[in-house]
Amino acid sequence: VCSSDLSTNLEQPFLLIRCKTFNKLWHINGFSGKVLTMNIQEIKDWIENNSNMAVDLDKEARKVPQLQATAINFRANENGVLKLLELDLEKIYCDRWIFYSGKASPEVYKAEPFDLKVMKGDIDIFINADPKVRELKSKIENQKIKVAALDEYIKSLNQRTFLIKSVIDWNRLQQGLV
């Protein structure tokens with residue numbers, strides 16, 4: 001359902017994710033901070049649409065491996081985006097540390113004035129309150145929620161075959177076949 005290709009452009013590496021399920025093409029650029037991916041509602045909708053079991057248990061049992069493969073691909077893509085965001089956070093953290101410690105170039109302070117002298121022990125407080133850092137941390141938390149939702153769905157798919165077997169056994173018991 002989904003496929004991904006890593007570009008060979010050394011100046012601007014990116015990851016292309018093609019997804020037939022949502023008829024979308026995502027371009028993930030880990031170095032610019034621009035990340036386009038599935039939103040949490042799309043993940044919830046996909047999980048909800050694929051969580052209902054059909055009456056035909058034989059067909060449903062054969063569908064489980066396909067659903068698992070799709071969910072694992074989605075999880076791998078979303079986890080890849082999470083890793084890119086975490087790498088971006090490390091870079092922004094370093095840049096903001098240089099900024100708040102007063103070691104940035106004069107051009108940086110002209111573009112973004114900052115007249116305070118921050119003690120070394122207080123730099124982390126300023127960095128954690130920085131809007132750029134907070135925005136990226138918010139994106140990371142949202143991405144973690146998406147990965148966790150997909151993890152839980154994959155766990156439920158692992159149990160689905162046992163549930164199907166239990167329903168079949170119950171039907172046999174009711175029909176007196178056991």
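The values are calculated or read from the model by the stated rules, or taken from the named source; none is laboratory data. Everything numeric in this text was worked out from a predicted model, so none of it was measured. For neighbour counting, all protein chains shown are included, and Cβ atoms are generated from backbone atoms with ideal geometry for every residue, glycine included. Each accessible area value is taken on the protein alone, full model and side chains, heavy atoms only, with ligands, DNA and RNA left out. Shrake-Rupley method; radii C 1.70, N 1.55, O 1.52, S 1.80 Å.
So the check is Cβ under 6 Å with 6+ separation or different chains; which pairs have a first residue in segment 109-136 that's without any contact (Cβ under 8 Å) to a residue 24 or more places away in the chain and under 30 Å from Val81 (Cβ atoms) and a second one that's open to solvent by less than 100 Å² (accessible area, probe 1.4 Å) and part of a helix (DSSP H, G or I)?
Cβ pairs passing all conditions: none.
Against the conditions (1) of a type in the set (A, V, I, L, M, F, W, C); (2) assigned to a loop (DSSP other than H, G, I, E, B); (3) open to solvent by 100 Å² or more (accessible area, probe 1.4 Å), where does Phe114 fall short? Just the number, please.
(3)
Just for segment 36-74: of the residues that are of a type outside the set (Ser, Thr, Tyr) and not in a helix (DSSP H, G or I), which one is surrounded by the most Cβ atoms within 10 Å (Cβ to Cβ)?
Going through segment 36-74, the residues of a type outside the set (Ser, Thr, Tyr) turn out to be 36, 38-50, 52-69, 71-74.
With the extra rule that they be not in a helix (DSSP H, G or I), the set shrinks to 36, 38-39, 52-56.
Values: Leu36: 13, Met38: 22, Asn39: 11, Asn52: 7, Met53: 16, Ala54: 9, Val55: 6, Asp56: 10.
So, considering only residues that are of a type outside the set (Ser, Thr, Tyr) and not in a helix (DSSP H, G or I), the one surrounded by the most Cβ atoms within 10 Å (Cβ to Cβ) is Met38.
Could you look through segment 88-104, keep only residues that are surrounded by 10 or more Cβ atoms within 10 Å (Cβ to Cβ) and farther than 30 Å from Asn77 by Cβ, and pick out the one that is nearest to the chain's Cα centre (by Cα)?
Trp97
Would you call Asp122 assigned to a helix (DSSP H, G or I) and acidic (Asp, Glu)? Before the answer, list the steps.
Working: assigned to a helix (DSSP H, G or I): yes; acidic (Asp, Glu): yes.
So Asp122 fits the description; yes.
Give me the residue from segment 145-160 that is open to solvent by 30 Å² or more (accessible area, probe 1.4 Å) and closer than 12 Å to Leu67 by Cα and, out of that set, farthest from the chain's Cα centre (by Cα).
Asn158
Only residues that are more than 30 Å from Ile47 (Cβ to Cβ) and open to solvent by 60 Å² or more (accessible area, probe 1.4 Å): list them for segment 123-144, please. First the steps, then the outcome.
So the first thing to find is which residues in segment 123-144 are more than 30 Å from Ile47 (Cβ to Cβ), and the list is 123-133.
Asp124, Ile125, Phe126, Asn128, Ala129, Pro131, Lys132 - these are the residues of segment 123-144 that are more than 30 Å from Ile47 (Cβ to Cβ) and open to solvent by 60 Å² or more (accessible area, probe 1.4 Å).
Name every residue in segment 41-82 that is hydrophobic (A, V, I, L, M, F, W, C), within 20 Å of Lys165 (Cβ to Cβ) and modelled with pLDDT of 90 or more, in order of residue number.
Filtering segment 41-82 down to residues hydrophobic (A, V, I, L, M, F, W, C) leaves 43, 46-47, 53-55, 57, 61, 64, 67, 69, 71-72, 74, 76, 81-82.
Keeping just the survivors that are within 20 Å of Lys165 (Cβ to Cβ) gives 53-55, 57, 61, 64, 67.
Residue satisfying the conditions is Leu67 alone.
Kindly list, by first and then second residue, each pair from a residue in segment 25-48 that is closer than 11 Å to Lys146 by Cβ to a residue that is modelled with pLDDT under 90, limited to pairs with Cβ atoms under 6 Å and residues at least 6 apart or on different chains.
Partner pairs satisfying both residue conditions: Thr37/Trp26.
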